[in-house]
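The values are calculated or read from the model by the stated rules, or taken from the named source; none is laboratory data. None of the values given here were measured: they were computed from a predicted structure. All Cβ positions, glycine included, derive from the backbone under ideal geometry; neighbour counts span all protein chains shown.
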Amino acid sequence: MVVNPMQDPLNISDEACLELDELIPSHKYTFQSNHLKDFYVFSEGMKTILEDLKKLGSTTGVPLLITGSTGSGKELAAMFMHHEVDQNSGEYIAINCTNMNKEMFEAELFGYKGGAFTGASREGHQGYIKQADRGTLFLDEISEIDLDLQAKLLRLLEEREYYPVGGSQRQQVNCRMVFATNRNLEKMLETGRLRRDLFYRLNVVKMHIPSLEERKEEIIPMLGFFVKELNREFQKEVRYIQGKVLKFMYLYNWPGNIRELKNFITQIMVFIEGDTITFEHLQTKDELDRMQTQFYQGDFGSAKPSREEIINELLKEPFDLEKFSMDVVRATLKKFNGNKSKTAQFLGLKREQMYNRYKTD
């Protein structure tokens, strides 16, 4: 049975075992640059986005704003601009603004003169902007930059010039500037966390990268592609995937997007033995443990159902796994009268997961 990955795979038999090659379409997007070998595009929507990006080839001076949820592939667009559209001779410099020390971010971004501040190198530092000259500067999660630094970034965008920290000599730069965010910038304007003039300067050319949930036709092909890739990396010989696994993968909404999907497959491939991924291998996914906990709280009589029985019951019809997980967390919080520590311990979660992923603060 050949599966068309562009269609709903829910008509596959639970016990059917499909070969990897059946899951991967021949019409995936092919990149010319070897730098993009780790990216995969199987949906028509994503192909259209990349084709639209090609139209920006003569607009190096215009900033590109990429929006989309975490892990959806925003950096693919930035790298695509650098390696395939502009084919810049300079470097591709990617900075995640959430990981930067706020006190040092300005010095790291704009560079500094020797002795500009306590602890500064005597030789100074040229900064990320200078390193990206004639190349591409990609600032991921631009919404995390402080307001005082936003003004200097605005000048860089408008004048293509800047001053290093502690320096009086103006520096100029010629590079493609790409910015990305997973936040709603319009809402940040309302709360005063984003300068209005910077917003309008950034919001000239905007591309939105849809989440994996919005491009479900990519889930099954990516699954097959990742397994083949990890076969080579881990020296495994996995050739088949069970139909029930494909259904689970397709129905789950993957809040962490492509990154979460690949990490989950990697987790399975590290420990798997044999040539087939079956539903038993999904027992590593923490959502299944939480589902089992939720079902145990229900009225099942004196005998508890097996995990397999719980899963089979859940898969009788499509459902929102992420919402289900949230319901489990809320129900457990209620069970422990709002005690987050006991709830996290009971569900096998870290407190950070409850605050960040399940928003229980």
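Of all residues in the range 262-271 being crowded, with 17+ Cβ neighbours inside 10 Å and touching a helix residue (DSSP H, G or I) at 6+ places or on another chain (Cβ under 6 Å), which is farthest from L10 (Cα to Cα)?
So in the range 262-271, the residues crowded, with 17+ Cβ neighbours inside 10 Å come out as 262, 264-265, 268-269.
Okay, now just the ones that are also touching a helix residue (DSSP H, G or I) at 6+ places or on another chain (Cβ under 6 Å), so 262, 265, 268-269.
On the way: K262: 21, I265: 20, I268: 22, M269: 24 Å.
Checked the range 262-271; the qualifying residue farthest from L10 (Cα to Cα) is M269.
Restricting the first member to the range 247-274 and to residues that are touching a residue at least 60 places away in the same chain (Cβ under 8 Å), and the second to residues that are part of a loop (DSSP other than H, G, I, E, B) and of a type in the set (S, T, N, Q), the beta-carbon pairs closer than 7 Å and six or more apart or on different chains are G256/T70; N257/S69; N257/T70; N257/S72; N257/S211; I258/S72. Condition first: assigned to a loop (DSSP other than H, G, I, E, B) and within 30 Å of I142 (Cα to Cα). Can you find one or more residues in the range 211-231 that meet it? Within the range 211-231, one or more residues are assigned to a loop (DSSP other than H, G, I, E, B) and within 30 Å of I142 (Cα to Cα). Among the conditions (1) more than 23 Å from K37 (Cβ to Cβ); (2) in a loop (DSSP other than H, G, I, E, B); (3) touching a residue at least 40 places away in the same chain (Cβ under 8 Å), the only one that V238 does not satisfy is (1). If you take the residues in the range 116-162 that are small (G, A, S) and touching a strand residue (DSSP E or B) at 6+ places or on another chain (Cβ under 9 Å), which one is surrounded by the fewest Cβ atoms within 10 Å (Cβ to Cβ)? So the residue we want is S121.
The sole residue among L185, L149 that is in contact with a Ser or Thr (Cβ under 7 Å, 6 or more places away or on another chain) and assigned by TED's automatic domain parsing to the domain that holds E106 is L185. Inspect the range 207-229 for any residue being over 30 Å from M249 (Cα atoms) and charged (D, E, K, R) and give the result as yes or no. Checked the range 207-229: no residue is over 30 Å from M249 (Cα atoms) and charged (D, E, K, R).
Of the residues making up the range 94-112, those that are surrounded by 19 or more Cβ atoms within 10 Å (Cβ to Cβ) and either of a type outside the set (A, V, I, L, M) or over 21 Å from A151 (Cα atoms) (or both) number 5.
Please enumerate the residues belonging to the range 186-224 that are touching an Asp or Glu at 6+ places or on another chain (Cβ under 9 Å), surrounded by fewer than 21 Cβ atoms within 10 Å (Cβ to Cβ) and of a type in the set (A, V, I, L, M, F, W, C). Scanning the range 186-224 gives F199, M207. Pairs linking a residue in the range 211-228 that is within 17 Å of N11 (Cβ to Cβ) and of a type in the set (D, E) to a residue that is at pLDDT below 90 and surrounded by 20 or more Cβ atoms within 10 Å (Cβ to Cβ), with Cβ atoms under 7 Å and 6 or more positions apart or on different chains, are E217/P5; E217/F42; E217/S43. Here is the figure for the range 50-92: residues that are under 13 Å from Q32 (Cα atoms) and of a type in the set (V, I, T) total 1. Criterion first (closer than 26 Å to N184 by Cα, touching a residue at least 12 places away in the same chain (Cβ under 8 Å) and touching a Ser or Thr at 6+ places or on another chain (Cβ under 7 Å)) does E141 satisfy it? When the stated conditions are applied, E141 passes them. When the residues of the range 290-324 are filtered to those that are surrounded by 16 or more Cβ atoms within 10 Å (Cβ to Cβ), part of a helix (DSSP H, G or I) and at pLDDT below 70, the one that is farthest from the chain's Cα centre (by Cα) is F295. Scanning the range 64-90 for residues that are buried (at least 18 other Cβ atoms within 10 Å of the Cβ), outside any loop (DSSP other than H, G, I, E, B), more than 15 Å from the chain's Cα centre (by Cα) and not hydrophobic (A, V, I, L, M, F, W, C) yields a count of 3.
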